[in-house]
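Written out below as structure tokens is the structure these notes cover.
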Protein chains: 2
Amino acid sequence: MAKRIRLAKRVVAQSDRLAKDLSDRFNEAGVFVANLMSSPGAGKTTLLEETARRLKGELRMAAIEGDLATDRDARRIETAGIPCRQINTGGGCHLSARQILDAIQDFDLAALDVLFIENVGNLVCPAEFDLGEHRRVVVSSTPEGDDKPVKYPIAFHHADCVVLNKMDLLAATNFSVEAYRRFVRGLKPRIPILELSCRTGEGMEAWLDWVRDERRAVARKAVKSAR
Amino acid sequence: MAKRIRLAKRVVAQSDRLAKDLSDRFNEAGVFVANLMSSPGAGKTTLLEETARRLKGELRMAAIEGDLATDRDARRIETAGIPCRQINTGGGCHLSARQILDAIQDFDLAALDVLFIENVGNLVCPAEFDLGEHRRVVVSSTPEGDDKPVKYPIAFHHADCVVLNKMDLLAATNFSVEAYRRFVRGLKPRIPILELSCRTGEGMEAWLDWVRDERRAVARKAVKSAR
């Protein structure tokens, strides 16, 4: 058992080292990186498609898509107009720093303003792995039920922003926005909770503003620390 | 690396041994065991609540609920009228055979006809772990999108039955039942695909029949092998 723990510790230390390398690379290149997590089917890819379409002329974006199998999501993102690299994990339940290091070789980071990483659809494992990102976004959706923050607290605890998608389906579910907000705020008192519908476009502007603002905040911090 | 692989193999071998123990215990007691898997919020708990309510007088049932945190699901199942044991995994992304062995100490297995195991909401990791169950059920829901079988093939590949829940929300989504069925059947050509809505009750009878039939089939097989 002691051997298992030592080995696990070594693996985690290596992963953290690679994440630090990634973070340094992102900061040197001046690219804002957001790591998106959610249950399967909460709408991460649709959110990125809509973001790509709406910010295309304004910000230079790219995306990395994590899935067990298929390149369906990367094709959707590319159709929406931004370059994308698909990572297939096989059976892997989350993206790793090593996979991101390989994937970014395809991009000229210094020519990008924003890099989105769409993690494997899984509300558990991705939360444990730092990919060198500046911000973490958890995407929920109304049909999943309002109790997910308390049932999957680790993902929400590590998040910097929560998107509540599929607000257009709210009336057809028994989801309580008030209960959801209370559960999220119980874990992270001041986190932004952005209610939106990628389908109708309702609430998208607040999300785009969050991306713009956080990118600016990260860039300002980078300039300061370079002085 | 070789050490890591040897260690991983040992852990898997131990887990398989415990699963075999469980399987023997279930067969000796003559209890039919189904292991339910899905994304968070696909409706596993609601399916079990409705199943408990409808089969209560007919079959002696119990459930084990797996969640990272809270006993919300166990309380829901108990309110629906069947005994339930909650397992909190902390950060664990799936239920383990060891946890099930501990949990069943609370039940008189020989006095049960059916034991449902509701795994942690996760379409990736639970698929890799045998809990000694007779059948595996994957629950999908229409708002998740029709492409989940190809993006999470391992869970579907190991399933014995697929439930497609939230059919009442179909018209509000862009889910194609035809595409979903084609994706599932591409992995498992003859698997039953049961379209239903726990909310409206539509399609529930076919699911209850599946439970009744599979339980009978397992019981018949046990009698034969005991001869």
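The values are calculated or read from the model by the stated rules, or taken from the named source; none is laboratory data. Quick caveat: nothing in here was measured; it's all calculated off a predicted structure. Cβ sites come from the backbone with ideal geometry, for glycine too, and all protein chains shown count toward neighbours.
If I filter region B:201-216 for residues that are within 14 Å of chain A (Cβ to nearest Cβ) and out of contact with any strand residue (DSSP E or B) (no Cβ under 8 Å at 6 or more places or on another chain), do I get at least one hit?
Of the residues in region B:201-216, the ones within 14 Å of chain A (Cβ to nearest Cβ) are none.
No, region B:201-216 contains no residue that is within 14 Å of chain A (Cβ to nearest Cβ) and out of contact with any strand residue (DSSP E or B) (no Cβ under 8 Å at 6 or more places or on another chain).
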- Query: Only one of (1) under 20 Å from the mean Cα position of the chain (by Cα); (2) basic (Lys, Arg); (3) away from every other protein chain (no Cβ under 11 Å) fails for A:Lys166. Which number is that?
  - Reply: (3)
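In region A:114-133, which residue that is in contact (Cβ under 8 Å) with a residue 60 or more places away in the chain and among the hydrophobic types (A, V, I, L, M, F, W, C) is farthest from the other protein chains (Cβ to nearest Cβ)? Let's see the steps before the verdict.
As a first pass, look at region A:114-133 and keep what is in contact (Cβ under 8 Å) with a residue 60 or more places away in the chain: A:114-119, A:121-123, A:126-127, A:129-133.
Adding the requirement that they be among the hydrophobic types (A, V, I, L, M, F, W, C) leaves A:114-117, A:123, A:127, A:129, A:131.
Numbers: A:Val114: 24, A:Leu115: 22, A:Phe116: 18, A:Ile117: 17, A:Leu123: 5, A:Ala127: 8, A:Phe129: 12, A:Leu131: 17 Å.
Among those that are in contact (Cβ under 8 Å) with a residue 60 or more places away in the chain and among the hydrophobic types (A, V, I, L, M, F, W, C), it is A:Val114.
Suppose we filter B:Ile64, B:Ile82, B:Ile87, B:Ile104 for residues that are surrounded by fewer than 24 Cβ atoms within 10 Å (Cβ to Cβ) and assigned to a strand (DSSP E or B); which single one remains?
Details: B:Ile64 fails: surrounded by fewer than 24 Cβ atoms within 10 Å (Cβ to Cβ); B:Ile82 fails: assigned to a strand (DSSP E or B); B:Ile104 fails: assigned to a strand (DSSP E or B).
One residue alone meets the criteria, B:Ile87.
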- Of the conditions (1) farther than 21 Å from A:Pro143 by Cα; (2) among the acidic types (Asp, Glu); (3) free of Cβ contacts under 8 Å to residues at least 60 places away in the same chain, B:Glu195 clears all except one; give me its number. (1)
- Task: Out of the residues in region B:67-77 that are in a helix (DSSP H, G or I) and of a type in the set (A, V, I, L, M), state the one that is nearest to B:Ala97 (Cα to Cα).
- Result: B:Ala74
- Can you give me the number of residues within region A:69-128 that are under 30 Å from B:Val120 (Cα atoms) and among the aromatic types (Phe, Trp, Tyr)? 1
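Would you confirm whether any residue within region B:3-13 is aliphatic (A, V, I, L, M) and either touching a residue at least 60 places away in the same chain (Cβ under 8 Å) or crowded, with 19+ Cβ neighbours inside 10 Å (or both)?
Taking region B:3-13 and keeping what is aliphatic (A, V, I, L, M), we get B:5, B:7-8, B:11-13.
Restricting the remaining residues to those that are either touching a residue at least 60 places away in the same chain (Cβ under 8 Å) or crowded, with 19+ Cβ neighbours inside 10 Å (or both) gives none.
The answer is no; no qualifying residue exists.
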- Note on the structure: When region A:136-150 is checked residue by residue, the ones that are without any contact (Cβ under 8 Å) to a residue 60 or more places away in the chain, closer than 12 Å to A:Tyr180 by Cβ and either of a type in the set (Val, Ile, Thr) or surrounded by 22 or more Cβ atoms within 10 Å (Cβ to Cβ) (or both) are A:Thr142, A:Gly145, A:Asp146, A:Pro149, A:Val150
- Can you give me the number of residues within region A:1-41 that are at pLDDT below 95 and either over 30 Å from A:Val163 (Cα atoms) or touching a Leu at 6+ places or on another chain (Cβ under 6 Å) (or both)? 13
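State whether the residues of region A:14-28 include one that is surrounded by fewer than 16 Cβ atoms within 10 Å (Cβ to Cβ) and closer than 30 Å to B:Gln14 by Cα. It would help to see each step written out before you state the result.
Step one: of region A:14-28, the residues surrounded by fewer than 16 Cβ atoms within 10 Å (Cβ to Cβ) are A:14, A:16-17, A:20-21, A:24, A:28.
Subset that is closer than 30 Å to B:Gln14 by Cα: A:14, A:16.
For region A:14-28, residues surrounded by fewer than 16 Cβ atoms within 10 Å (Cβ to Cβ) and closer than 30 Å to B:Gln14 by Cα: present.
Applying the selection to region B:134-148, what residues are within 24 Å of A:Lys151 (Cβ to Cβ) and within 11 Å of chain A (Cβ to nearest Cβ)? First the steps, then the outcome.
To start, the set of residues in region B:134-148 that are within 24 Å of A:Lys151 (Cβ to Cβ) comprises B:136-145, B:148.
Passing the criteria: B:Ser140, B:Ser141, B:Thr142, B:Pro143, B:Glu144, B:Gly145, B:Lys148.
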- Query: Considering only region A:162-189, how many residues are free of Cβ contacts under 8 Å to residues at least 60 places away in the same chain and in contact with a helix residue (DSSP H, G or I) (Cβ under 6 Å, 6 or more places away or on another chain)?
  - Reply: 9
- Just a yes or no: is a residue in region A:176-184 among the hydrophobic types (A, V, I, L, M, F, W, C), out of contact with any Pro (no Cβ under 7 Å at 6 or more places or on another chain) and closer than 21 Å to A:Glu118 by Cβ? no
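From A:Ala42, A:Ala74, A:Ala69, which residue is surrounded by fewer than 20 Cβ atoms within 10 Å (Cβ to Cβ), within 14 Å of chain B (Cβ to nearest Cβ) and among the hydrophobic types (A, V, I, L, M, F, W, C)?
Values: A:Ala42 fails: surrounded by fewer than 20 Cβ atoms within 10 Å (Cβ to Cβ); A:Ala74 fails: surrounded by fewer than 20 Cβ atoms within 10 Å (Cβ to Cβ).
Being surrounded by fewer than 20 Cβ atoms within 10 Å (Cβ to Cβ), within 14 Å of chain B (Cβ to nearest Cβ) and among the hydrophobic types (A, V, I, L, M, F, W, C) holds for just one of A:Ala42, A:Ala74, A:Ala69, which is A:Ala69.
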- Task: Give the residues of region A:92-131 that are touching a strand residue (DSSP E or B) at 6+ places or on another chain (Cβ under 7 Å) and not aliphatic (A, V, I, L, M), sorted by residue number.
- Result: A:Gln99, A:Asp106, A:Phe107, A:Asp113, A:Phe116, A:Glu118, A:Asn119, A:Gly121, A:Pro126
- Task: Starting from region A:90-113, keep only residues that are at pLDDT 95 or above, then list their pairs with residues that are of a type in the set (Phe, Trp, Tyr) and surrounded by 12 or more Cβ atoms within 10 Å (Cβ to Cβ) whose Cβ atoms are within a distance under 9 Å, requiring at least 6 positions of separation or different chains.
- Result: A:His94/A:Phe129; A:Leu95/A:Phe129; A:Ser96/A:Phe129; A:Ala97/A:Phe129; A:Ile104/A:Phe26; A:Leu109/A:Phe26; A:Leu112/A:Phe32; A:Asp113/A:Phe32
